[in-house]
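The next block holds one structure in the form of structure tokens; read it before the comments.
Read-outs throughout are calculated quantities, based only on the coordinates presented, and are distinct from any laboratory measurement. Quantities reported herein were computed from a predicted structural model and do not represent experimental measurements. Here the Cβ is made from the backbone with ideal geometry for all residues, glycine too, and neighbour counts use every protein chain on show.
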Amino acid sequence: MHLVMLFGPPAVGKMTVGREIARLTSYRLFHNHATIEPLLGVFDFGTPPFDRLKNEFRTRVFQEAVAHGLPGLVFTVVWALDDASDSEIVEQMIAPVVDAGHPVDFVELWSSQETRLAREGTPLRLEHKASKRDVAWARGSLREWDGRHRLSTGPDQPFPFAGRYPHLRVDNDDLSPADAAEQVVAGLGLPRSSAPG
């Protein structure tokens, strides 16, 4: 079971690129809002029960993916790279895959804030992320996250797991999701699906 951790700031294109990676390979996509949206009806974002259940569910999905021999899984996440506790959560989530001796690759998507703000409100995003349907709020939240945390690697924010896990960075500011996915599949040497489309 190969785990591809697709990370980057909000609206960088993780879900859309992840869908294209899944289309090109036999891997399944598990995007972060698949765990966020159901919980928002019960608990407020960022509250202890919300975070606990979100993280437990994600980890359990990884455990079952390993136990049932999925060939690969693409998971998307916004990761505050400057927050040690966020890195600890990522390590806990991937532990079932690592402990089973399976590979984990980290793929970072990067786009400018201007590009990401323009991506808020796209039909696919609104279809799968009900909490983003107030586009003005979503754009404000994006700016807030950018101001509060370092969400991309760079000279002042290295990859936290450097030397321990592979890290591929793709600038998809001007790439289509399909082209970005092609870079990921080629860069990681992922096996291509023989199924049509």
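Sorted on the mean count of surrounding Cβ atoms within 10 Å across their residues, most packed first, peptides 100-106, 15-21 read 15-21, 100-106.
Other residues within the sphere of radius under 12 Å centred on the Cβ of residue 89, judged by their own Cβ, net out at -3 (K and R +1, D and E -1).
Mind telling me which of 46, 13, 187 comes out most flexible in a GNM of the chain, alpha-carbon contacts under 10 Å? Maximum among the listed residues: 46. Taken about its Cα centre, the stretch 2-188 carries a charge dipole of about 440 debye when Lys and Arg each add +1 at the Cβ and Asp and Glu each add -1 at the Cβ. Charged neighbours of residue 193, selected by a Cβ distance under 14 Å, balance to +2 (K, R count +1; D, E count -1). Report the local net charge at residue 112: Lys and Arg +1, Asp and Glu -1, summed over other residues whose C-beta lies under 12 Å from its C-beta. Net charge in that neighbourhood comes out at -3. Comparing Cα centroids, the stretch 1-53 and the stretch 62-91 end up 10 angstrom apart.
Once C-alpha pairs closer than 8 Å and six or more residues apart are averaged by separation and normalised to the residue number of the chain, the relative contact order reads 35 percent. At each listed q (0.12 Å⁻¹), what is the log10 of I(q)/I(0) that the Debye formula gives for the stretch 134-197 modelled as equal alpha-carbon point scatterers? At q = 0.12 Å⁻¹ the computed log10 ratios are -0.52.
This model, with +1 at the C-beta of Lys and Arg and -1 at the C-beta of Asp and Glu, gives the stretch 95-185 a dipole about its Cα centre of some 400 debye. Scan around residue 29 for amide H atoms under 5 Å from its own, H built in the peptide plane at 1.01 Å from N, and keep only partners 5 or more places away or cross-chain. Residues meeting the amide H criterion: 74. One chain, two ends: residue 84 and residue 135. Fully extended at 0.36 nm per residue, the span grows by 15.4 nm beyond their Cα-Cα distance. Comparing 37, 114, 182 in a Gaussian network model of the chain where C-alpha atoms under 10 Å apart are linked, the largest mean-square fluctuation is found at 114.
Report the residue, chosen from 109, 73, 124, that carries the largest GNM mean-square fluctuation when the chain is represented by alpha-carbon nodes joined by springs under 10 Å. Answer for the Gaussian network model of the chain: 124. When the trypsin sites (Lys or Arg not before Pro) in the stretch 55-153 are filtered for DSSP coil states and for at most 12 other beta-carbon atoms within 10 Å of their beta-carbon, the remaining sites are 133.
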